[in-house]
Amino acid sequence: MLEYVLFSLLNSLVLGMLLFMLSSGLTLIFSMMGVLNFAHASFYMLGAYFGYQISTWVGFWPALVIAPLLVGGLGALVERYGLRSLHKYGHVAELLFTVGLFYIIEESVNLIWGRNAVMYPIPKILDFPVFKLLGADVSAYRMFMLLISMGMFVGLYLVLTRTRIGLIIQAALTHPEGVNALGHNVPAVFMLVFGGGSALAGLAGVIGGIFLITEPAMAATLGPIVFVVIVVGGMGSLTGAFVASLLLAAIQTFAVGIEYSLTDLFALFGWRVDATGFFRDIWRIQLSHTGPILPYLFMVLMLMFRPKGLMGKRES
């Protein structure tokens, strides 16, 4: 039991920080521009494939730097020559644009790298057990992922709260007219934030593509959970996205190892359930089988009882 709890906590922390890397950029983009970028997970996928391709040429470490920069550059171009020209047509046009961009990127990946998963191995320098936990090895790559994620979180916090450009970005989130009146180029700030958010997604792809799997369906697999994160955390709240990422990762991770059904749960309270009737299949469903849908169920409950999310601000 102790081994299960410790390893679930470790896996929850690693997966949660990966989700935060992916959701933080989307949170900033939505806060500033009011755009729910449905193609955000596609930039994550591009980061994974760019990281894979560049690592085959020059190694993993250059790929860790080059791939996010390439993805960030593509994101900036998308904002400058796509979303900016659509802004005058409203949010529906922007939403349709990002949905179409999602499919364009997915099909482009299929054309270039094929429909099968690619072999994106752990770099040899990180392919060793860093320590043992209750007799089981904990890989150095997982610790590396955690270190990069924590470093990104601290770096993003310091940039937004301790630097001039961070103060300008925060001011542009709430008072774009005032920032523009002070002589700052607000559209350029928008492009910077969109490109930076895309680069964060690309960085998550470079390290997450090895941890999970690098395949054309990875954007569609991880994309929905990112929107769950920002809804649960509170639309536009970076701190909320951080808390929600860890919470939802823990819900999924712990549920996988719990082999109890509703019948077993009621039995703990001394209630006997007839598992042979019309609902017999429902009574026998184990919690481990429901792991993938639990975050969405949590989101539905959150929308019912706290629509603004964990740390969202109420509208005045």
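The values are calculated or read from the model by the stated rules, or taken from the named source; none is laboratory data. Note that this is a predicted model, so its numbers are computed, not measured. Note: ideal-geometry Cβ built from the backbone for every residue, glycine included; neighbour counts use all protein chains shown.
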Members of region 40-62 that are over 19 Å from Leu111 (Cβ atoms) and either surrounded by fewer than 24 Cβ atoms within 10 Å (Cβ to Cβ) or of a type in the set (S, T, N, Q) (or both): Ser55, Trp57, Val58, Gly59, Phe60, Trp61, Pro62
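Check whether at least one residue in region 153-172 is modelled with pLDDT of 90 or more and not in a helix (DSSP H, G or I), and report yes or no.
Quick first cut of region 153-172, residues modelled with pLDDT of 90 or more only: none.
No: region 153-172 contains no residue that is modelled with pLDDT of 90 or more and not in a helix (DSSP H, G or I).
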So for region 214-225 (the condition being out of contact with any His (no Cβ under 7 Å at 6 or more places or on another chain), farther than 18 Å from Gly34 by Cα, of a type in the set (Val, Ile, Thr) and at pLDDT 90 or above), does at least one residue qualify? yes
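Among the residues of region 1-31, count how many are of a type in the set (A, V, I, L, M) and under 30 Å from Ile169 (Cβ atoms). Before the answer, list the steps.
Filtering region 1-31 for residues of a type in the set (A, V, I, L, M) gives 1-2, 5-6, 9-10, 13-15, 17-19, 21-22, 26, 28-29.
Add one more test, that the residue is under 30 Å from Ile169 (Cβ atoms), and what stays is 13-15, 17-19, 21-22, 26, 28-29.
So the count comes out to 11.
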Name the residues in region 109-135 that are exposed (fewer than 11 other Cβ atoms within 10 Å of the Cβ) and in contact with a strand residue (DSSP E or B) (Cβ under 9 Å, 6 or more places away or on another chain), would you? Phe131, Lys132
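Looking only at region 273-316, which residues are in a loop (DSSP other than H, G, I, E, B), more than 27 Å from the chain's Cα centre (by Cα) and at pLDDT below 70? Steps first, please.
Of region 273-316, the ones in a loop (DSSP other than H, G, I, E, B) are 273-279, 285, 306-316.
Next, only the ones that are more than 27 Å from the chain's Cα centre (by Cα) stay: 273-279, 285, 316.
Of everything in region 273-316, those that are in a loop (DSSP other than H, G, I, E, B), more than 27 Å from the chain's Cα centre (by Cα) and at pLDDT below 70 turn out to be Val273, Asp274, Ala275, Thr276, Gly277, Phe278, Phe279, Ser316.
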